[in-house]
Amino acid sequence: MDTIGIIVPCFNEEDVLELFYKEMHKIMDQMSSVRFRIMFVDDGSRDNTLGILRQLHSIDPRCEYVSFSRNFGKESALYAGFQNLDADYTVLMDADLQHPPALIPKMYEMVSSGQCDCAAAFRKDREGESKIRAFLSRRFYGVMNNMSSVEMRPNATDFRMMNRKVCDAMRNLTEHHRFTKGIFSWVGFHTEWIPYENIERAAGESKWHLKSLLSYALNGITSYSDWTLKLPKYVGIIFILGWIASIIVLRLLHHAFTMPDAVFSLILFCSGILCFMLRGLGVYIYRIYEEDMNRPQYLVKEKGITDGKPEE
Ligand code: UDP
Ligand code: MG
């Protein structure tokens, strides 16, 4: 019998948890040939979320929970879910029913049949979302896909089902500043996309505000790109071009260089050189950062080795 494990991060979700369980119950009844484990991760909620989780655990042993000592953020909650759950197929899902449980049977069919390693949902539109958030989100994916080494699908969500291989890869990436959407792209494997209509939260309100969204975006950019460390190179080029232009202009204006002209020109030149040196340092800083994250050199999807030496 296959086991489907569902990781549900919860932060102040008392209004919606019972509704979530009710909807999940329907799906669990419908998929009676599969064993379910729902791992709720209470991310330091200040309302009665933990009380409800204790109650769900006591009435249905398929509902399990881990509760954090304080709010560590959704990314940490997802990671805790990976660490505390062992299942053949793992699903990531928000508690607010914005990720329709009705997609789970379809995801299971796709992943268990071997059609893909990961079945991921993406929103067809951003209906119901504030204009500014939708705009910033579009810009973020544009910038991200231009600057980073990984490709991220706009409108993708964390709502997905993955097989054991993908789940193990996700669990084994232990970097501190996690950015799950980026990690999914980084680990690779075959992902199939399922579109769905954007749905408003069933109850309660979004935990994200502009500041946390910006810091989430910055985390994504710095985790998957050394763009910020490359910046001094471009600033350096501007300084050196400015220095060359200043010499040409001063030559055209004056017969001889005055002291202030020489100082001005020297400042531009030295600033340019300093910026290039900063970029040089940045190359090593990024390498140290990458080493520190300790991501594996590669991930294996399949092997067909005859008389091969076992891996060390
Ligand atoms: N969440 C969390 N910790 C946080 C913020 C959010 O565990 O610090 C959970 C939240 O309970 C929900 C999911 O992450 O299950 C998505 O949050 P939300 O619905 O507020 O985000 P939105 O759908 O607006 O992007
Ligand atoms: Mg939500």
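Just so it is clear, none of the values below were taken in a lab; they were calculated from the coordinates. From a predicted model like this one, the values you see are computed outputs, not experimental measurements. Note: ideal-geometry Cβ built from the backbone for every residue, glycine included; neighbour counts use all protein chains shown.
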> Which of (1) loosely packed, with under 15 Cβ neighbours inside 10 Å; (2) within 15 Å of ligand 1 (Cβ to nearest atom); (3) under 20 Å from Ile27 (Cα atoms); (4) not polar (S, T, N, Q) does Pro105 not meet, given it meets every other one?
Replying inline: (2)
> Looking only at residues in region 178-200 that are in a loop (DSSP other than H, G, I, E, B) and either polar (S, T, N, Q) or under 18 Å from the mean Cα position of the chain (by Cα) (or both), which one is farthest from Cys167 (Cα to Cα)?
Replying inline: Asn198
> Can you tell me how many residues in region 60-99 are in contact with a helix residue (DSSP H, G or I) (Cβ under 6 Å, 6 or more places away or on another chain), closer than 14 Å to Glu13 by Cβ and among the aromatic types (Phe, Trp, Tyr)?
Replying inline: 1
>> If the requirement is being surrounded by 12 or more Cβ atoms within 10 Å (Cβ to Cβ), out of contact with any Cys (no Cβ under 6 Å at 6 or more places or on another chain), among the small types (Gly, Ala, Ser) and closer than 23 Å to Asn172 by Cβ, which of these qualifies: Gly242, Gly272, Gly220, Gly282?
In response: Gly220
> Counting only residues that are out of contact with any helix residue (DSSP H, G or I) (no Cβ under 6 Å at 6 or more places or on another chain), under 25 Å from Ile4 (Cβ atoms) and among the polar types (S, T, N, Q), how many does region 119-178 have?
Replying inline: 4
>> I'm checking my understanding of the structure. Among residues of region 206-261 that are of a type in the set (S, T, N, Q) and in a helix (DSSP H, G or I), which one is nearest to ligand 2 (Cβ to nearest atom)?
In response: Ser212
>> Tell me the residue from Leu50, Leu56, Leu78 that is part of a helix (DSSP H, G or I), surrounded by 19 or more Cβ atoms within 10 Å (Cβ to Cβ) and more than 16 Å from ligand 2 (Cβ to nearest atom), please.
In response: Leu56
>> Would you confirm whether or not region 48-66 contains a residue that is within 11 Å of ligand 1 (Cβ to nearest atom), touching a Phe, Trp or Tyr at 6+ places or on another chain (Cβ under 8 Å) and of a type in the set (Val, Ile, Thr)?
In response: yes
> What number of residues within region 9-26 are crowded, with 21+ Cβ neighbours inside 10 Å and within 15 Å of Leu103 (Cβ to Cβ)?
Replying inline: 2
> For region 124-168, how many residues are part of a helix (DSSP H, G or I) and touching a strand residue (DSSP E or B) at 6+ places or on another chain (Cβ under 9 Å)?
Replying inline: 4
> Conditions: (1) under 30 Å from Val150 (Cα atoms); (2) under 22 Å from the mean Cα position of the chain (by Cα). Glu205 meets all but one. Number of the miss?
Replying inline: (1)
> Within the set of pairs 6+ apart or on separate chains, which have a first residue in region 85-103 that is aromatic (Phe, Trp, Tyr), a second that is within 12 Å of ligand 2 (Cβ to nearest atom), and C-beta atoms under 7 Å apart?
Replying inline: none
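From Ala121, Ala203, which residue is within 16 Å of ligand 2 (Cβ to nearest atom), of a type in the set (Gly, Ala, Ser) and in a loop (DSSP other than H, G, I, E, B)?
Ala203
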>> Quick check on region 27-47: of everything there that is among the basic types (Lys, Arg) and closer than 30 Å to Ser112 by Cβ, which residue is surrounded by the most Cβ atoms within 10 Å (Cβ to Cβ)?
In response: Arg37
